[in-house]
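Trainee: Before I ask anything, let me first share the structure, which is written out below as structure tokens.
Every number here is computed from the coordinates shown, using simple stated rules; none is lab data. For clarity, every value in this text was computed on a predicted model and none was experimentally measured. Cβ: placed from backbone, ideal geometry, glycine included. Neighbour counts: every protein chain shown.
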Amino acid sequence: MIYITLILCFISSILLTPLVKKLAFKIGATDKPNQRKVHQKIMPRLGGLAIYLSFIIGFLILQPEGPYALPIILGSLIIVFTGILDDIYELSAKIKFIAQIIAAAIVVVWGGVHVEFINLPFGGQITFGYLSIPLTIIWIVGITNAINLIDGLDGLAAGVSSIALITISGMAIIMGDGFVTAMASLVLASTLGFLIYNFHPAKIFMGDTGALFLGFMISVLSLLGFKNVTLISFIVPIIILGVPISDTFFAIIRRIVNKKPLSAPDKSHLHHCLLRLGFTHRQTVLIIYAMAAFFGLMAIIFSQAKLLGGFFLILVLLILIELIAEAIGLVSKNYRPLIKMMRVLLITTVRNR
């Protein structure tokens with residue numbers, strides 16, 4: 001039954017996207033080019049509605065059983081409604097932030113999706129107590145916006161989200177979590193159908209409707225499979241979402257260094273940096289796909305690793321992320337502390353020989 005439902009989600013998304021495209025032009029949900037954006041013509045940007053409707057069709061057919069189902073659906077409805085209004089009227093960051101908190105609070109407070117404690121590797125545990133609810137809300141809102149931040153090139157957010165959903169589904173299958181497997185697979189099938197129209201050259205953008213919905217669903221589903229577990233396993237969803245989390249982290253650092261507001265838009269995200277290095281639009285997207293797939297693979301390997309192996313893998317990933325960030329100028333052209341240190345060590349080693 002699940003395979004038939006996934007095919008129906010995929011086909012529904014393919015059929016609904018052209019209709020949503022017409023609707024977007026009719027109601028004015030369009031994206032006009034400017035100096036910060038890559039596209040050169042007016043584009044419809046309500047495509048996420050096709051993803052959401054296809055997901056709902058699949059959800060109603062499959063009806064995955066779980067205590068989190070209704071809170072997730074209600075939370076996603078608020079997110080999508082907010083995205084639709086933003087795609088039409090361009091809401092303020094404050095209004096969108098409030099809506100995201102409300103949606104996250106529904107899942108966390110009503111649905112009970114929150115991390116209460118983490119078991120430590122050498123015994124004992126970290127209990128969050130009253131902080132468990134706000135910390136989980138921060139996670140959901142943070143990842144929701146992280147997906148939105150990488151939505152800067154044709155097919156980028158949809159592809160990276162699809163890779164994350166494939167990893168989450170695979171991990172859920174390994175852990176025997178049927179609910180997360182079903183929900184992640186439904187969102188994945190709906191996103192892949194839309195990606196046919198969204199890959200470069202895109203015929204429609206997903207807009208905030210799609211980016212916020214995908215971010216919200218990924219943030220919640222990544223938590224469901226890994227809450228109340230060991231510190232090692234809790235790191236898995238962070239690795240899965242390595243690309244959007246890293247891009248968001250360095251965007252924050254970049255704005256602090258440049259003394260700009262955290263909400264200030266710029267043209268120095270990961271995809272912008274790769275474009276400046278001379279990669280084409282399509283090459284940039286495929287490179288970031290490869291990065292996302294690499295993080296997904298590392299998450300699966302990390303989940304099966306022993307304690308020391310896991311910590312070594314994390315150390316290697318952090319060094320690799322920092323090196324890439326410095327090499328492509330993700331913070332600034334002059335920000336290269338690790339590369340400079342490695343050069344000094346190399347020169348010192350050569351001289352000592």
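Trainee: What list of ³J(HN,Hα) values in whole Hz, one per residue of region 291-299 in order, does the Karplus curve 6.51 cos²θ - 1.76 cosθ + 1.60 (θ = phi - 60°) give from phi, with Gly and Pro shown as x?
Mentor: Values, residue by residue: 4, 5, 5, 4, 5, x, 5, 4, 5 Hz.
Trainee: Roughly how many nanometres apart are two label points built 7 Å out from the Cα toward the Cβ at Phe312 and Ala69?
Mentor: Taking the two extended label points, one gets 4.5 nm.
Trainee: Just to check I understand the Karplus step: with θ = phi - 60° and J = 6.51 cos²θ - 1.76 cosθ + 1.60, what whole-Hz values come out for region 189-206, glycine and proline as x?
Mentor: Each residue of region 189-206 in turn: 4, 5, 5, 5, x, 5, 4, 4, 8, 9, 5, 4, x, 5, 9, 7, 9, 6 Hz.
Trainee: Check cross-link reach from Lys267 to the lysines: straight Cα distance under 30 Å, and skip same-chain residues fewer than eight apart.
Mentor: Within reach: Lys21, Lys22, Lys26, Lys32, Lys37, Lys41, Lys94, Lys96, Lys203, Lys259, Lys333, Lys340.
Trainee: Here's another thing I want to ask about it. Ignoring the sites themselves, what is the longest stretch of the chain with no GluC sites (Glu not before Pro) in a DSSP loop and at most 14 other beta-carbon atoms within 10 Å?
Mentor: Working: sites that count: Glu65, Glu90.
In the chain, the maximal stretch lacking such sites is 91-353.
Trainee: Still on this structure, please answer the following. May I ask you to list the trypsin sites (Lys or Arg not before Pro) in region 41-132 that are in a DSSP loop and have at most 16 other Cβ atoms within 10 Å of their Cβ?
Mentor: Passing sites in region 41-132 are Lys41.
Trainee: Please compute the volume of the convex hull spanned by the alpha-carbon atoms of the chain and report it per residue in Å³. Display every interim value, and only then the final one.
Mentor: Numbers: hull volume 53.2 nm³, N = 353.
Dividing the Cα hull volume of the chain by its residues yields 151 Å³.
Trainee: Expressed as a whole number of Å, what is the distance separating the alpha-carbon centroids of region 85-118 and region 248-308?
Mentor: Cα centres, region 248-308 to region 85-118: 24 Å.
Trainee: Over 17 Å, how big is the tail of the calculated P(r) for region 260-353, in percent of all Cα pairs?
Mentor: On the way: 2837 of 4371 pairs.
Value for region 260-353 (Cα pairs over 17 Å): 65 percent.
Trainee: Taking amide H atoms as placed 1.01 Å from N in the peptide plane, list the residues 5 or more away in sequence, or in a different chain, whose amide H sits under 5 Å from that of Phe117.
Mentor: Amide H neighbours of Phe117: Phe128, Asn228.
Trainee: Run the numbers for Lys41 and Ile301: contour at 0.36 nm per residue of separation, minus the present Cα-Cα distance, in nm.
Mentor: Numbers: separation 260, 0.36 × 260 = 93.60 nm, distance 4.28 nm.
Between Lys41 and Ile301, full extension yields 89.3 nm more.
Trainee: Say each of Ile2 and Val257 gets a label point 7 Å from the Cα, pointing the same way as Cα to Cβ; how far apart are those two points in nm?
Mentor: In this crude spin-label approximation the distance works out to 4.4 nm.
Trainee: Okay, moving on. Please list 3J(HN,Hα) in residue order for region 327-335, calculated via the Karplus relation 6.51 cos²θ - 1.76 cosθ + 1.60 where θ = phi - 60°; whole Hz, with x for glycine and proline.
Mentor: Using θ = phi - 60°, the values come out as 5, 9, x, 5, 9, 6, 5, 8, 7 Hz.
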